[in-house]
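K.L.:
Following this message is one structure expressed as structure tokens.
The values are calculated or read from the model by the stated rules, or taken from the named source; none is laboratory data. Since the structure is predicted, the reported quantities are computational estimates derived from the model, not experimental observations. Here the Cβ positions follow ideal geometry from the backbone for every residue, glycine too, while neighbour counts run over all protein chains shown.
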Amino acid sequence: MKILHVSTYDGGGAAKSCIRLHLALLQHGIESHILFLLQKDKSIPHTSEYKIKPKPLTTFNKIINKGKIILKELKLYNEPVEINYLKNQQNGFYPFTFPYSDFDITDTEVYKNCDIINLHWVANLFDYSFFKKNKKPVVWTMHDMNPFTGGCHHSLDCKKYEVNCDVCPQLAGTTNPSYSAEILKIKQESLANFEKLTIVTPSHWLRKCSSNSTLFRKMQHFTFPYSIDADTFNIRNKAYSRSILGIAEHKKVCLFVAQNIDMKLKGIEYLIEAVQNLINSNPNLLIVAVGGTISKSPLFIGSSDAFKNSVLELGTVYDEKLMSIIYSAADVFAFPSLAENLPNVIIESLFCGTPILAYNVGGIPELIAHQENGYLCNEINVESLQNAIHTFFNSNDLLPAERIREMAVEKYSTKVQLNNYLTLYSKLLS
């Protein structure tokens, strides 16, 4: 059994889950490889970067390229349709991506030598024409909605992917908001005669969305939650963890983790406003931020000095053991995202015994048992998040850290995920 995982990046939540599955397979004695488009961490075993074969630059190509430069300077040459298509798109959404690229993974040796292809988050790397060339079984582990939509990665309240994705709300203001329907048609035509595709979703929520989509509703679906290393992410002594980070023991620590805080869907504005409303009556409240820089947010810049002094920014953290210390140093993890699948960071936090405050969206309710390992906010607004923070620090009735961890390990251990995938791979090869 030879498995090839395909992932655009080696960083981010989707890539982490891909790498964790890959390493679990290797430890189990299965031959596994990962093909990345962009790989920064060269220490991951059995991985490679995609090297596109450059097209020979003929005299004709040189003349064409020179002509494009001149016409562009004269404003007589239009950019590729993708660039034009996204001009004037509203800010704050996840990326909008297309079903074609310059890369062909079937050209690589690692593809030719594998038995099963397991796609992960492959935007900008994967071309849907692959399905017309490939004859091998494909498992697609979906980390968001993009594989079955007309280009968006989270559709929010829009369900046009169930029909034709015409007039995309996320393309409002662009030259052709219906281009999403054309993208979906390209995907449908590419998959028309391919019968060896199996869909895996980490959450039941995403499985339901995919099963209802016009593109994948006839495909076989499985739900295999993510897995986390229970040894790396573990409960650590709170006082010791805080001493490492320079946090006073009397502080009420609320953790926030997000890399792309400029995306409105991450909900940072809700958290900032909620804490501002609480800080005067809770002077010991401290926001510990990992990832993006909160202090660059316009809301932060215009906030009170009391609030600014209540924020500790740790920047991007790559070391997982250090992250487990950060989770352990926190009293609670605030996750105000407005659209999510099954966030790895929530599972990591639960493994460290740290409860969650989050909105009741996407696959998050599958992770949080309300008033047991966290609080779910049913209304997406500042007030509901503010009330959850206030309730937690004033009348915390949640389970002890050890029980929170135990519940998470039962569902999201590496062994559980590995058995799920091995059973599926064996079935596809039988």
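K.L.:
What do you reckon, is Trp140 at pLDDT 95 or above, in the same structural domain as Tyr9 (by TED's automatic domain parsing) and farther than 22 Å from Glu31 by Cβ?
P.N.:
For Trp140, the condition - at pLDDT 95 or above, in the same structural domain as Tyr9 (by TED's automatic domain parsing) and farther than 22 Å from Glu31 by Cβ - is not met.
K.L.:
Continuing with the same structure: Assess whether Glu383 counts as being closer than 27 Å to Asn237 by Cα, modelled with pLDDT of 95 or more and part of a helix (DSSP H, G or I).
P.N.:
Against the criterion (closer than 27 Å to Asn237 by Cα, modelled with pLDDT of 95 or more and part of a helix (DSSP H, G or I)), Glu383 does not qualify.
K.L.:
Which residues, counting only those in region 296-331, are more than 21 Å from the chain's Cα centre (by Cα) and of a type in the set (Ser, Thr, Tyr)?
P.N.:
Within region 296-331, Ser297, Ser303, Ser304, Ser310, Ser328 meet the criteria.
K.L.:
Continuing with the same structure: Criterion first (small (Gly, Ala, Ser), touching a residue at least 24 places away in the same chain (Cβ under 8 Å) and farther than 15 Å from Leu357 by Cβ) does Ser241 satisfy it?
P.N.:
Here the answer is yes, as Ser241 does meet what is asked.
K.L.:
Of the numbered conditions (1) polar (S, T, N, Q); (2) in contact with a helix residue (DSSP H, G or I) (Cβ under 9 Å, 6 or more places away or on another chain); (3) surrounded by fewer than 21 Cβ atoms within 10 Å (Cβ to Cβ), Asn420 fails exactly one; give the number of that condition.
P.N.:
The single condition Asn420 does not satisfy is (2).
K.L.:
Same structure again: How about region 218-264: which of its residues are over 28 Å from the mean Cα position of the chain (by Cα) and not in a helix (DSSP H, G or I)?
P.N.:
Those that are over 28 Å from the mean Cα position of the chain (by Cα) and not in a helix (DSSP H, G or I): Asn237, Gly246, Ile247, Ala248, Glu249, His250, Lys251, Lys252.
K.L.:
Now for a separate question. Go through region 277-378 and tell me which helices (runs of 4 or more DSSP H), entirely inside it, have 3 or more residues that are farther than 19 Å from Ala230 by Cβ.
P.N.:
Of the helices (runs of 4 or more DSSP H) lying wholly inside region 277-378, those with at least 3 residues that are farther than 19 Å from Ala230 by Cβ span 298-301, 305-308.
K.L.:
Still on this model: Among the residues of region 340-354, is any of a type in the set (S, T, N, Q) and in contact with a Lys or Arg (Cβ under 6 Å, 6 or more places away or on another chain)?
P.N.:
Scanning region 340-354, I find at least one residue that is of a type in the set (S, T, N, Q) and in contact with a Lys or Arg (Cβ under 6 Å, 6 or more places away or on another chain), so the answer is yes.
K.L.:
Could you say which residue among Cys152, Cys165, Cys209 is surrounded by 16 or more Cβ atoms within 10 Å (Cβ to Cβ) and on the phi > 0 side of the Ramachandran plot?
P.N.:
Just one listed residue meets the conditions, Cys165.
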